[in-house]
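Q: My questions all concern the structure below.
The values are calculated or read from the model by the stated rules, or taken from the named source; none is laboratory data. A quick note: this is a predicted structure, and the numbers were derived from the prediction, not measured. Please note: Cβ atoms are built from the backbone with ideal geometry, for glycine as well, and neighbour counts cover all protein chains shown. These area figures cover heavy atoms from the full protein model, side chains too; ligands, DNA and RNA do not enter into them. Shrake-Rupley method; radii C 1.70, N 1.55, O 1.52, S 1.80 Å.
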Amino acid sequence: VKQLGKTIAAAFAVHQLVSFGREAVKAAAAFDKSMRNVATLVDTNVESMDAMSASVRELAKQTPVELEQLSAALYDVRSAGISAEDAMAVLEASAQLGVAGLSTTAEAANIMTSAINAFAAEGLSAEQVSDILFKTVKAGKTTLAELTGQFGGLAPAAAAAGISLADLQASTAALTTLGTPASVAQTQLKQAITELQKPGKELSKIFNQLGAKDGLDLIETSGGLGNAFKLIKEEAEASGMTVAQVTGSVETASAILALGGTVNESYTATLADMR
């Protein structure tokens, strides 16, 4: 029986080695395939695929992310138009953000590249963008995966309005603390930003009373979305009106009431931390 046990144990060990070998071969094949996909996006006469592959392998040693996930995410990074100079920094930040934000590297790379492209004028590094996104998850009641939902539509609108990434994400985080899903919070913010630029009659009056040319002017002079919303809320109430009466949509009213009141302290603290 003892000899039989040794034989079984040896057979099991051989089986494990064979299985491990098969998995290693499959992983290597998947990595090679992903890197070939990356090669279709770059000028291989200028960029060395061997050097790029080596960088990805080195990153796999530094993070608890599988090689195949990293190479697949690198494809997403390069397809988003991130330059060769910045690609590895973005991939590394995405890997770290995915781990810290309890998400995947692919999801992290998705929102990272969207943020970098939309807010390019701010000149933020990959690490700075990653920190802001992580602090959104940390301060809010949301996940990185949930934040990716409507971000692609909201970010360009916010950036075009001169709103910083930190301000946008502090606002989003604060709204989610009320139990509002991230996608709903982002929809509210997008509608509010749109209305601030094209206000109706009553909201225009509020801006005039506050000495602002329009909503974007108010955001700039007050120091942020939450501060502007607080002034709008207070001015509306001082004029004997509700926020709903001076705005043109439920989404805008909801964002102003929350960020200008209930969660204003949370917004202020998170924005200061991000800055």
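Q: In square angstrom, rounded to the nearest 10, how much accessible surface does Asp273 have for a 1.4 Å probe?
A: 80 Å²
Q: Another question about this same structure. So what's the net charge close to Ser94: Lys and Arg +1, Asp and Glu -1, counting the other residues with Cβ under 10 Å from its Cβ? Before the final figure, lay out the partial values.
A: Numbers: positive: none; negative: Asp76, Glu92, Glu107.
Net of charged neighbours comes to -3.
Q: Separate question: What's the tally of Lys pairs in segment 140-275 whose alpha-carbon atoms lie under 19 angstrom apart, where the two lysines are 8 or more places apart or on different chains?
A: Lysine pair count for segment 140-275: 13.
Q: R0 = 41 Å: FRET efficiency of Glu58 with Val184, Cβ-based, nearest 0.05?
A: Details: r = 41 Å, r/R0 = 0.99.
For Glu58 and Val184, the calculated efficiency is 0.50.
Q: Given labels modelled 7 Å from the Cα in the Cβ direction, how far is it in nm from Lys198 to Arg36?
A: About 4.9 nm separates the two model spin labels.
Q: Only one of the values [x] 6, 19, 23, 26, 19, 7, 1; [y] 7, 26, 25, 17, 12, 7, 4, 2, 1, 0; [z] 6, 19, 15, 11, 10, 9, 8, 7, 7, 5, 2, 0 was calculated from this structure for P(r) over Cα pairs in 10 Å bins from 0, in percent; name its label.
A: Answer label, from the structure shown: [y].
Q: Could you calculate the contour length gain from Glu47 to Ala28, that is, 0.36 nm times the residue separation minus the distance between their Cα atoms, to one decimal place in nm? Walk me through the intermediate numbers first.
A: Numbers: separation 19, 0.36 × 19 = 6.84 nm, distance 2.14 nm.
Full-extension gain reported as 4.7 nm.
Q: Let me have the relative contact order for the chain, percent, based on Cα pairs under 8 Å that are six or more residues apart.
A: On the way: 347 pairs, mean separation 35.9, N = 275.
RCO, the chain: 13 percent.
Q: Label segment 39-165 by shape, choosing from rounded, prolate and oblate, from the square roots a ≥ b ≥ c of the eigenvalues of the Cα gyration tensor; if a/c is under 1.5 it is rounded, and otherwise prolate applies when a/b is larger than b/c, oblate when it is not. Spell out each step's value before the answer.
A: Numbers: a/c = 2.20, a/b = 1.38, b/c = 1.59.
Here segment 39-165 falls in the oblate category.
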